[in-house]
Amino acid sequence: MASDNPQEYIKHHLTNLTYGRHPDIGTLEVVDVNARIHDEFLYGTWGFAHDADEATAMGFNSINVDSMAWSVALGLIFCTLFYSVARKATAGVPGGLQNAVEYVVEFIDDMVRGIFAHKNDLIAPMALTVFVWVFLMNLMDLVPVDWIPELAALFGVHFMKVVPSTDPNITMSMALSIFVLMLYYSVKCKGLGGFGSELAFQPFPKFMAPLNLVLELPTLFAKPLSLGLRLFGNMYAGEMIFILIALMYAGMATDAVGAALGIFGGVLHFAWAAFHILIITLQAYIFAVLTVVYLSAAHDEAH
């Protein structure tokens, strides 16, 4: 699928399948009469965007269908797999799948016990869910970039991003969910006054409360931003490298130089994929660890 136009190829692979309300025709560039008629027909209607510019123009009246579908599907795979293993678990010698699941559960449980010193039965399952779900979303980055988009094109779907964690809407929604829980447990464990005093009366004396707020509020809001943008930035960069490597395949059938470049691209692809296994696991672990760290801080009582 690698095109002779690298810019179009990259733009195509980085465009989501977006569904939303088509924007006002006045905001779109009209290149000819047919385009004008097309725009007037679409104005005010709901449907899929035909290109990246139209998807951008839809703004908040849109949803990235591919990101949502893949993230939900991977979440269901996680739930189904772990539930199935839990139902079939035996006290004897475990099978390979049961052994792998038990290892992941014990690994996350040990991590939570080492960080979270409070009593809350929600934290460990949440950390497990975050770790496995993010790992599965990241794992989609190892699927060759053209396979699923080519398959989707056979059914008339022209855009298909299969790595949900390369979509900031997905990573930031997860980060904001953690942020809401942080605020909830901060108020629940410390009281509204205790949480407010933590922001206003630290680290300087109480009479310097405005300065404390100036220092503490950005720190508070930086937590979900760093949580979501770190994951998005790392996975987006990894996906971009895979796309750039795939461009090297374009010249394989043209001449000897192109064939050599394509073979070299294949070697790079497998080398980067092997290294990327570490990256996707590390990013899932960091997201889970920071989730536990932030919620642990929310449970710490102010003194």
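Brief remarks on what is shown
- Residue within the stretch 184-207 that is out of contact with any Cys (no Cβ under 8 Å at 6 or more places or on another chain), within 30 Å of Pro164 (Cβ to Cβ) and either surrounded by 14 or more Cβ atoms within 10 Å (Cβ to Cβ) or at pLDDT below 90 (or both) present: yes
- None of Glu40, Glu29, Glu102 is modelled with pLDDT of 85 or more and more than 22 Å from the chain's Cα centre (by Cα) except Glu102.
- Residue in the stretch 268-280 that is nearest to Ala246 (Cα to Cα), counting only those that are surrounded by 11 or more Cβ atoms within 10 Å (Cβ to Cβ), over 20 Å from the mean Cα position of the chain (by Cα) and among the aliphatic types (A, V, I, L, M): Leu268
- Filter result for Asp66 (closer than 30 Å to Cys189 by Cβ and part of a helix (DSSP H, G or I)): no
- Taking the listed residues Phe242, Phe204, Phe232, the one that is farther than 17 Å from Met172 by Cα, in contact (Cβ under 8 Å) with a residue 24 or more places away in the chain and not polar (S, T, N, Q) is Phe242, with no other qualifying.
- Residue within the stretch 253-262 that is part of a helix (DSSP H, G or I) and either among the basic types (Lys, Arg) or closer than 30 Å to His118 by Cβ (or both) present: no
The values are calculated or read from the model by the stated rules, or taken from the named source; none is laboratory data. Computed from a predicted structure; not experimentally measured. All Cβ positions, glycine included, derive from the backbone under ideal geometry; neighbour counts span all protein chains shown.
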